[in-house]
Structure formats: structure tokens, C-alpha cells
Amino acid sequence: MHAPHVDVGLGSKQTTRSPATKTLDFLWLELTNRCNLRCVHCYTESHPHSGDRDVLTAQDYDSLMRQAYDLGCRKLQFIGGEPQLNRDFQKLLVTANTISFEFIEVFSNLTQLDDETICYAASNGICFATSVYSDEPEAHDAITGVRSSHARTIRNLKKLIDKGIETRVATIVINQDQANVARTKRFLVELGVSQVRSAETREFGRGEEILSRPARLEGLCGHCWSGKLCIAPDGAAYPCVMARQWPVGNVLEMSLAEIVAGRSLEDMRQAIFDTVWLPKLADAGNGGEVGTHELEMVRKPSKPQKPHKPQKPPKPCAPFKLNPKHPHKPKTKPGHPAQKPSDDECFPCPQSCVPDTVPPECPQSCGPFPARVPGEKKKKKE
């Protein structure tokens, strides 16, 4: 089922030509629309029985990751719903690491997290992101709609921290007062979370009812004009995980390369650039002009990459021990998150998307870390 087309005013006057309409730097793969929680603000309106549009198979996701890598994409996030409800989640995580994506993140409520996945993530530099709505279990559970969700999320969050796994947390403001939000952020920092941010509810999915207004393009953060793409479980492609009203193709009908190079995505990115990004730059003090710094953060369209390397055997604690007789050492060891850039270098986005290194700040859920310039390779420790 495709989202209805919504006129975004593509015929309006365009201020500046977007410099990144045909690139793929960051890919969201939604592994399922199902979720064991029922969060009141969920933009995908997920719940335990919302998997009727889960059409893509493990083979489809495998192919998509390889297509994305060949297009130059090096950053990947598994998301949902709750991605760990996909029965092939662990297998896909190993595949993404085997393909050699430089940044892999799982956006999860953490309630389903098991020790085997934690072990694999710790050994292979896999990052996690989650949401915590309050330091008070009752308040958090009231938002998720499930009792004990706070206890399970916090328990597994502590495990990630103890293993040195880079994990960021966002607190979405729905009906909590500022004192609650501030207290929750302190609670998370005291737990050892180094990246804690807060964000307002947006008018997408169930958020439309909370805010009493329909979805609109201006509700997006604006970062998605730059090389980002989301693939939903039914194959639909969107410029952003929240942009359900503006599909730009379907991977069951065309290749990822055709979508990335297609006019639909180009026009949508341009519309986001003009309607959302430039006004926010103006509000940030840039006068609506795209400076050299912003343009340099977006790399040029990538050339096709060389064929994939032969599959490596899994790490000693891999969820799928394809070749347990020949374990090998991980490429890198878990380390500390990168230092936060100065305000003039980075206005990070605190919700569920990507490493953002250009202003203005996104009030939703992006900003996995370490925040790196698109195309910059992950540094290995000596």
C-alpha cells in the first residue's frame, strides 16, 4: 500500500539548486512495521499486529544493502517498527558488517535485545539508538502503552553502556513538563549515556492527532535533502523515514540505482531543500544562502564500486556461526564516542537518522555518532 501523493509545490520558484539530488550517502532499512510497543506519537503507527505490509524478504534486504554499497553508500541504519522483530535481524546485521559498511546503527526500543546481539555489536563497532521518555517508569510506560517497557529498555541500555557500545538516546517531548525532561536527561547522563538529546513530537503518523494538524513538508527536519533514503518493508522508498506522504518509488518495481537517479527523488529532495532546509539556514543566520562549508559536506555522486569482497567468517560471538572453526579478530575494538564538535562545526540532529555535520539543528532523531563528513572513512585504532 502506497502513501497518497501530496502536492509539495514543486512548481514554485526554487531559490538555490540542491547540490546532492542524485547521491546515496545514508540508507534507512525498515525491517518490519511491527513493534511490541504502541507509542502514542509513532510516525509509522506501529503496533504488534501492524506487519501486513512486511513484504520484503531477507534476500531482498541483502540485495538492497549490496546495491546501496555499490552506489557508494557507507552508512546504514536498521529501523522499524522494532527491527529485532524481523526473524532475520541477526543474519542481516552480520551481512551488513560483512559487506563492510563503515557505519551501522540499530534504532531499537531495546526491549528485545539479547546478549548474543550485544556481544556481536561490541566486537564489531555496531551502534545503537533508542528513546527514553522519562526517568519515571510509569510515565515512560504510559507513552509506550506497555507496562515494564521502561525496565527492559533501561536494563539493556545499561548492558550496551557496560560493553562500551556507542549508544545515543533521545527524549521525545509529548506531554512531559520541562522539569521531567531535564530530570530524564540527567538520569541518562548518570547512567553513562554520552549522547542525550530531546526533541518535540512531529505531525506524522500518530503525531498528527497529538498536534491536531496534518502532515506537511515543513514538519521534516530538512536534513534528508542530502543523500538520504528510506526503504519501507513493503518496498516503498521515501526521502525520509517520516515522509510517508511523499513516496519516490518502490524497490519491488525498480532498482535502487533507478530510484536514486530518478526524477521523483530529485524533485522531492529539491522541494525539501527549498521549503525546509534553506529557511532553517536563514533562521540560523545564513540568510538562506548555502555556504562553502555546507556544500563541502556533501560529496559528489559516487562512481560504481568494485565487486564485494568475499564473505568473511563471523566474529567469535556472531549470531550466525557460519564457520566457527575459523574465528577472526574484529577490525576494531569498541571505543569512546567522538568528541562533540563545536557549535560552529555541527548542529546535530537528535532523533533517528544520520551523522549530521551541517546546520541547522534538527529537532527530531538523527545524529548517530561519531559525526563524520560523508565519505570519510572510519578511523581504526592503532
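Site pair C119 and S255 shows an inter-label distance of 4.0 nm when each label is modelled 7 Å from Cα along Cα→Cβ.
Charge dipole (Cα centre; +1 on Lys/Arg Cβ, -1 on Asp/Glu Cβ; no other charges) of the stretch 94-169 amounts to roughly 80 debye. Percent of C-alpha pairs per 5 Å bin in the stretch 130-271, short distances first: 2, 9, 15, 15, 15, 14, 14, 10, 5, 1.
Across the stretch 49-59, computed HN-Hα scalar couplings (Karplus, 6.51 cos²θ - 1.76 cosθ + 1.60, θ = phi - 60°) run 10, 9, x, 5, 9, 7, 9, 5, 9, 4, 5 Hz from first to last residue, x flagging Gly and Pro.
Summing Cβ point charges (Lys, Arg +1; Asp, Glu -1) relative to the Cα centre of the stretch 193-233 gives a dipole of roughly 120 debye. Projecting the Cα positions of G219, L160, V173 onto the charge dipole of the stretch 126-267 (unit charges on Cβ atoms of Lys, Arg, Asp and Glu, taken about the Cα centre) puts L160 furthest along the positive direction. In order along the stretch 218-224, the phi-based Karplus estimate (6.51 cos²θ - 1.76 cosθ + 1.60, θ = phi - 60°) of 3J(HN,Hα) comes to 5, x, 6, 6, x, 5, 6 Hz; Gly and Pro are listed as x.
What's the magnitude of the charge dipole for the stretch 84-220 around its Cα centre, counting Lys and Arg as +1 and Asp and Glu as -1 at the beta-carbon? Answer in Debye, nearest 20. Each step should come with its number before you reach the end.
Numbers: 17 positive and 19 negative charges, 14 e Å.
Here the stretch 84-220 has a charge dipole of around 60 debye.
Any of K163/K280; K158/K228; K163/K228; K228/K280; K22/K75 with alpha carbons more than 26 Å apart? Name them for me. Cα-Cα > 26 Å for K163/K280; K158/K228; K163/K228; rest within.
Just so you know, all these numbers are worked out from the coordinates, no wet-lab data involved. Worth saying up front: this structure is predicted, and the values here are computed from it rather than measured. Positions of Cβ are generated from backbone atoms using ideal geometry, with glycine treated the same way; all protein chains shown enter the neighbour counts.
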